[in-house]
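For reference, the structure discussed in these notes is given below.
The values are calculated or read from the model by the stated rules, or taken from the named source; none is laboratory data. Values in this document were obtained by computation on a predicted structure and should not be read as measured data. Using ideal geometry, Cβ is built from the backbone for each residue, glycine included, and neighbour counts are taken over all protein chains shown. Each accessible area value is taken on the protein alone, full model and side chains, heavy atoms only, with ligands, DNA and RNA left out. Shrake-Rupley method; radii C 1.70, N 1.55, O 1.52, S 1.80 Å.
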Amino acid sequence: YLHYDVDFSFIYFIKGIGEIKIEGKKYDIKDGDLILLKPSELYHCVVEDGKYHERLVLYFNSSLLENFGSVGEAFFEPFYKREDGYDNKIPKELIEKDKIDVLLLELLELVKKPTDTDKLVSQCKMVEILSKIRKIIGDSTVEKTKSVDNKIINNVIAYINQKFHTD
């Protein structure tokens, strides 16, 4: 079903193939792909029926880096400096190249039964992940993963987003 999250999120596809629709744009997904979602981005994930599927969903908000002051805000640029539904996918090849997949799995282990030191290490891992993603998104030589557009759906979603807060 179509929904949104109130926090930032990563969806890391560990195993399985399918598609995710974000603000009317469709992205094909496969093992190792990472999806970035900012708060309020409408999305819907569809995986192949009867197929094994495994993904890691990580929710976080800007308070994660509040101790970093204004410098911490720069880590959220990959979310804010793009239009809703665009450049949401980072393909497996880039995730593996920068070892973001390893960091995500290490982070998963840290949050299972966190001690006080694990919480601090988790925060450091998140900063490292966000930093690497910021570098990938900001690198003009990296080919952005395009979505499949549907003009009518895009126009309807844009209209709903404009009128969402009115009667």
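A few points about this structure:
- Exactly one residue among GLY138, GLY50 is more than 20 Å from ILE11 (Cβ to Cβ), free of Cβ contacts under 8 Å to residues at least 12 places away in the same chain, open to solvent by 30 Å² or more (accessible area, probe 1.4 Å) and of a type outside the set (D, E, K, R), and that residue is GLY50.
- Within region 122-131, the set of residues being within 21 Å of ILE35 (Cβ to Cβ), open to solvent by less than 70 Å² (accessible area, probe 1.4 Å) and over 14 Å from the mean Cα position of the chain (by Cα) comprises SER122, LYS125, VAL127.
- Selection from region 2-22 of residues that are surrounded by 20 or more Cβ atoms within 10 Å (Cβ to Cβ) and of a type in the set (Phe, Trp, Tyr): PHE8, PHE10, TYR12, PHE13
- Picking from residues in region 30-42 that are under 24 Å from VAL156 (Cα atoms) and open to solvent by less than 10 Å² (accessible area, probe 1.4 Å), the one that is farthest from the chain's Cα centre (by Cα) is GLU41.
- Set side by side, the residues LEU110, LEU104 differ, and just one is within 15 Å of ILE133 (Cα to Cα) and in contact with a Lys or Arg (Cβ under 9 Å, 6 or more places away or on another chain), which is LEU104.
- Selection from region 104-121 of residues that are surrounded by fewer than 18 Cβ atoms within 10 Å (Cβ to Cβ) and either assigned to a helix (DSSP H, G or I) or touching a Gly at 6+ places or on another chain (Cβ under 6 Å) (or both): LEU105, GLU106, LEU108, GLU109, VAL111, LYS112, ASP116, THR117, ASP118, LYS119, LEU120, VAL121
- Failed item, numbered, when PHE60 is tested on (1) open to solvent by 50 Å² or more (accessible area, probe 1.4 Å); (2) within 16 Å of LYS125 (Cα to Cα): (1)
- Within region 63-94, the set of residues being of a type in the set (Val, Ile, Thr) and open to solvent by less than 70 Å² (accessible area, probe 1.4 Å) comprises just one member, ILE90.
- Positions within region 53-92 being within 15 Å of ILE35 (Cα to Cα) and free of Cβ contacts under 8 Å to residues at least 12 places away in the same chain, in sequence order: GLU83
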